[in-house]
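A.B. asks: Below: one structure in structure tokens.
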Amino acid sequence: MADASLADLLSMGDLDGLVRHADRLAGAGRWDELLVLRDRCHEAAELTGKQLWGAAQYAEYRMALDAPGPLAASVVRSGAARFALGPLTEVVAQHHAWAELAEHLEDPASAAVVAQERVLRGEDLRGDDRAGLEDVGVPGVLQPFEPDYALPIYRPDELLASGPAAPDAAAGRPAGDAVGRPADAPELQQALLDAVEHWQAQSTGEIVAATVEGGADHAVGALAAGRARLVPLTVPEALGAIAWAAASGAAHALRRGMAAGRSAAWWVAAEATGLDWPVDPDELEYELEELRFWTWTTESDEPGWRLRVAIEDTHDTVTVALDAFDRRSEPAEDDDTLDLPATGSHTVLTTTPDRRETST
């Protein structure tokens, strides 16, 4: 019956039916049959032109999420599941320890990313040659000055990915109206822009940055429309916010994963401190304490995805500030969504990236 059902669904080109069938197979742990479904969808696309890639990618997503380690690792490769809820390098790391995956990850670049994702979940992979972290530039274990990164939760039909808590305006102070004169810190400003460039290139984000002489008041004065309140950030809070933004797809962009987010935060930290890459963690921790980090709020803030961070170098009296914002727009008429059977409060898997990511 399963074969006949699959044959019928393929013949009809029933994309939603194939996704529901894949969901049933995964829920029952029938991984061999799910592999067949994946392969048959690819064959149908090649032979008949029927666009069944969504079902094939959903099958790989479910394997990465819940299949035994060797099978889960086998679907992780560069470019896989481009339109899934998130990168499979991040999905596979949610339920699988590094030891379950390491010997079965064929693509070295993907293996290094998966290793980073497992580090983010508390594993110590220092000295493990299979992880390939010596070429990445970030350490194989979390450092004392790093935050509890905002890791997503992947489910069969949704992505839950909340960002850092909104700043407490009551804990801040008025920024004033002063605007600093332009200054020069191109490497740090570019590092901040690079962390969120996909919000603009792939989504509807708006990004502005400024480098000015003076403190955070002067930098925020160059960016903020309306009265702003400056709120101080600790080093972990600042790194966590940058990493979240770099990992997130905001409203419509491809989610890049927290491994990419952590790397972006370390790159910003290296540029802010002037240390050579790769940086020594102990030296970085010391130098970061010499900087001041800020965020800010304004009276006109609206809901959405936002990264506001100002990095103040008190020795050189220069501050670099960035304000990135994205909002959810109405779905386009041609948005591709795959309906799943109702299993709870959320029953839609969308193949448009990060549709289920939470705005903050």
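A.B. asks: Hey, if we sort 203, 74 by accessible area with the 1.4 Å probe, largest down, what's the order? It would help to have the intermediate numbers written out before the result.
C.D. replies: On the way: 203 20, 74 65 Å².
Most to least solvent-accessible, the answer reads 74, 203.
A.B. asks: Then there's this: Toward the positive end of the charge dipole of the chain, about the Cα centre and with charges on Cβ (Lys, Arg +1; Asp, Glu -1), which of 204, 329, 270 goes farthest?
C.D. replies: Value computed over the given set: 329.
A.B. asks: Give me the dipole magnitude in Debye, nearest 20, for the chain about the Cα centre, with unit charges on the beta carbon: positive for Lys and Arg, negative for Asp and Glu.
C.D. replies: Details: 28 positive and 63 negative charges, 203 e Å.
Rounded to the nearest 20 debye, it is 980 debye.
A.B. asks: Still on this structure, I have one more. For the pair residue 234 and residue 99, what calculated FRET efficiency results from E = 1/(1 + (r/R0)^6), where r is the Cβ-Cβ distance and R0 = 35 Å, to the nearest 0.05? Numbers along the way, then the final one.
C.D. replies: Details: r = 34 Å, r/R0 = 0.96.
My answer for the efficiency is 0.55.
A.B. asks: Measure out, as a whole number of angstrom, how far apart the alpha-carbon centroids of region 219-256 and region 101-158 sit.
C.D. replies: 24 Å
A.B. asks: Once the piece of chain linking residue 51 and residue 162 is laid out straight, how much longer is it, given 0.36 nm per residue of separation minus the C-alpha distance between them?
C.D. replies: So the chain would gain 36.7 nm between residue 51 and residue 162.
A.B. asks: Select from region 49-153 those GluC sites (Glu not before Pro) which occupy a DSSP coil region and have at most 16 other Cβ atoms within 10 Å, ordered by residue number.
C.D. replies: 106
A.B. asks: Now for a separate question. Where a ≥ b ≥ c are the square roots of the eigenvalues of the C-alpha gyration tensor, would you call region 176-299 rounded, which needs a/c under 1.5, or, failing that, prolate if a/b is larger than b/c, or oblate?
C.D. replies: Note, shape of region 176-299 comes out oblate.
A.B. asks: Also: Once both labels are modelled 7 Å past Cα along the beta-carbon direction, what's the residue 187-residue 128 spacing in nm?
C.D. replies: Each label point lies 7 Å from its Cα, and together they span 3.2 nm.
A.B. asks: What dipole magnitude, in Debye to the nearest 20, does region 253-318 give about its Cα centre under +1 on Lys/Arg Cβ and -1 on Asp/Glu Cβ?
C.D. replies: 640 debye
A.B. asks: Among 315, 279, 218, flag the residue with its Cα farthest along the positive direction of the charge dipole of region 175-328, charges on Cβ as +1 for Lys/Arg and -1 for Asp/Glu.
C.D. replies: 218
The values are calculated or read from the model by the stated rules, or taken from the named source; none is laboratory data. This structure is a prediction, so every number in the text was calculated from the model and none was measured. Don't worry about glycine lacking a Cβ; one is built from the backbone with ideal geometry, like all the others, and counts go over all protein chains shown. Side chains included, ligands, DNA and RNA excluded: accessible areas come from the protein's heavy atoms. Shrake-Rupley method; radii C 1.70, N 1.55, O 1.52, S 1.80 Å.
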